[in-house]
Amino acid sequence: MLFQLPITLVRISGVDSEKFLQGQLTCDVVNLKANTQTLTAHCDAKGKVQTIFRLYRQDEQTFYALIHNELLESSLKDLNKYAIFSKVTFETLNWQILGWQPENDIPRPDFPQNFCFNLADGREIIVCENAQTDHHFADATLWKIADMQAGIPLLSPETQNEFIPQAMNLQDIENAICFTKGCYIGQEIIARAKYRGINKRAMYVFHTDKTDCTNGSEIETLLGENWRKTGTILNHACYQNTLWLEVILSNEIDNNQLFRINNNLLV
């Protein structure tokens with residue numbers, strides 16, 4: 001299946017681009033090789049995640065950030081705030097971001113592309129300077145659900161600056177966090193959470209029957225004979241009659257613990 005993704009490409013370039021990004025992002029930018037990419041996070045001074053995006057390195061001074069549209073404005077505003085004294089520029093590009101998910105051995109359409117990279121679950125993200133219009137695009141909700149099933153955290157405007165990266169399991173995804181590279185925004189708190197074991201949260205993926213849902217709201221858990229609110233919905237996606245949820249909960253929950261939303265049990 002071919003998807004047109006709600007993602008914007010931002011070119012980050014300049015003689016200070018590597019140094020600047022190294023001091024801002026959770027990943028190790030210096031050791032990111034040319035023509036490779038990783039998920040990464042940009043945090044505030046309290047170590048809370050402001051945005052999550054993919055960072056692709058083209059060469060020594062040129063990077064591309066693939067940022068979800070709903071986070072684009074706030075992400076660029078936050079990055080530019082720290083870029084005043086650096087020789088680095090941000091250029092929003094009107095390029096097309098496509099996703100390919102293998103299905104029934106159907107070959108991927110062949111069309112001109114600027115760069116492409118593979119995800120761990122076999123999907124591909126394809127970046128095209130020239131828009132491809134002669135193709136059928138599947139519902140992008142299916143791509144969002146595939147991200148959830150792969151454990152990729154999808155931050156929403158309602159949950160920005162609420163959780164440290166480890167609460168979203170970013171320490172276990174690709175090279176999203178480097179704990180040895182030195183200082184960056186929020187690094188002290190993020191490192192303390194790792195080395196002192198003080199992070200008590202993790203992200204879980206659930207699904208249930210279709211029902212109303214709001215990012216940033218809570219689900220319920222059964223404690224004794226009573227249902228009590230717990231956790232925070234990071235993001236959600238609904239396709240046909242199934243609701244998918246990414247939820248931030250305690251990282252010490254019982255495997256037999258019951259959760260629900262609007263009286264619908266989560267599985």
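I'd like to know if the stretch 114-125 contains one or more residues that are in contact with a helix residue (DSSP H, G or I) (Cβ under 6 Å, 6 or more places away or on another chain) and either under 29 Å from Gln240 (Cα atoms) or of a type outside the set (Phe, Trp, Tyr) (or both). Within the stretch 114-125 (the criterion being in contact with a helix residue (DSSP H, G or I) (Cβ under 6 Å, 6 or more places away or on another chain) and either under 29 Å from Gln240 (Cα atoms) or of a type outside the set (Phe, Trp, Tyr) (or both)), the answer is no, since none of the residues qualifies.
Under the condition of being among the hydroxyl-bearing types (Ser, Thr, Tyr) and part of a helix (DSSP H, G or I), which residue from the stretch 56-81 is surrounded by the fewest Cβ atoms within 10 Å (Cβ to Cβ)? Once the filter is applied, the top-ranked residue is Ser74. Selection within the stretch 13-55: residues that are hydroxyl-bearing (Ser, Thr, Tyr) and open to solvent by 10 Å² or more (accessible area, probe 1.4 Å). The member of this set that is farthest from Asn215 (Cα to Cα) is Ser13.
Of all the residues in the stretch 214-252, those that are under 25 Å from Gly197 (Cβ atoms) and in contact (Cβ under 8 Å) with a residue 40 or more places away in the chain number 9.
Open to solvent by 70 Å² or more (accessible area, probe 1.4 Å) and closer than 26 Å to Thr133 by Cβ: is that true of Asn104 in this structure? The answer is yes for Asn104. Just to be sure I understand, how many residues within the stretch 223-267 are in contact with a Cys (Cβ under 9 Å, 6 or more places away or on another chain) and open to solvent by 70 Å² or more (accessible area, probe 1.4 Å)? Residues in the stretch 223-267 being in contact with a Cys (Cβ under 9 Å, 6 or more places away or on another chain) and open to solvent by 70 Å² or more (accessible area, probe 1.4 Å): 1 in total.
Say whether the condition of being farther than 29 Å from Ile145 by Cβ, of a type in the set (S, T, N, Q) and not in a strand (DSSP E or B) is met by at least one residue in the stretch 27-42. Break it down stepwise before answering.
First, pick out the residues of the stretch 27-42 that are farther than 29 Å from Ile145 by Cβ: 28-31, 33-34.
Cutting the leftovers down to of a type in the set (S, T, N, Q) gives us 31.
Those still in the list that are not in a strand (DSSP E or B) too: 31.
Checking the stretch 27-42: at least one residue is farther than 29 Å from Ile145 by Cβ, of a type in the set (S, T, N, Q) and not in a strand (DSSP E or B).
Among residues of the stretch 140-159 that are farther than 19 Å from Asn118 by Cα, those with a beta-carbon under 8 Å from a residue that is in a loop (DSSP other than H, G, I, E, B) and at pLDDT 95 or above at least six positions away or on a different chain give the pairs Ser156/Asn215; Ser156/Gly216; Pro157/Asn215; Glu158/Thr214; Glu158/Asn215; Glu158/Gly216; Thr159/Asn215; Thr159/Gly216. For the stretch 218-244, filtered to residues that are more than 14 Å from Asn264 (Cβ to Cβ) and hydroxyl-bearing (Ser, Thr, Tyr), the residue that is nearest to the chain's Cα centre (by Cα) is Thr232.
Have a look at Lys144, Lys194 and point out the one that is assigned to a helix (DSSP H, G or I), open to solvent by 10 Å² or more (accessible area, probe 1.4 Å), closer than 14 Å to Gly47 by Cα and not β-branched (Val, Ile, Thr). Break it down into steps so the answer makes sense when it comes.
Values: Lys144 fails: closer than 14 Å to Gly47 by Cα.
Exactly one residue qualifies, and that residue is Lys194.
Of the residues Ile84, Ile152, which is β-branched (Val, Ile, Thr), assigned to a loop (DSSP other than H, G, I, E, B) and open to solvent by less than 60 Å² (accessible area, probe 1.4 Å)? Of the residues listed, the single one that is β-branched (Val, Ile, Thr), assigned to a loop (DSSP other than H, G, I, E, B) and open to solvent by less than 60 Å² (accessible area, probe 1.4 Å) is Ile152. Entry remark, the stretch 115-141: residues being polar (S, T, N, Q) and either open to solvent by less than 70 Å² (accessible area, probe 1.4 Å) or closer than 16 Å to Arg54 by Cα (or both) number 3 in total.
Tell me which of these Tyr204 doesn't satisfy, since it passes every other one: (1) hydroxyl-bearing (Ser, Thr, Tyr); (2) within 30 Å of Glu18 (Cβ to Cβ); (3) not in a loop (DSSP other than H, G, I, E, B). Result: Tyr204 fails condition (2) only. Of the residues Ile177, Ile219, which is touching a helix residue (DSSP H, G or I) at 6+ places or on another chain (Cβ under 6 Å) and open to solvent by less than 30 Å² (accessible area, probe 1.4 Å)? The unique qualifying residue is Ile177.
The values are calculated or read from the model by the stated rules, or taken from the named source; none is laboratory data. What you see is a predicted model; the values in this text were computed from it and never measured. For neighbour counting, all protein chains shown are included, and Cβ atoms are generated from backbone atoms with ideal geometry for every residue, glycine included. Ligands, DNA and RNA are stripped out before the accessible areas are found, and what is left, the full protein with its side chains, is counted by its heavy atoms. Shrake-Rupley method; radii C 1.70, N 1.55, O 1.52, S 1.80 Å.
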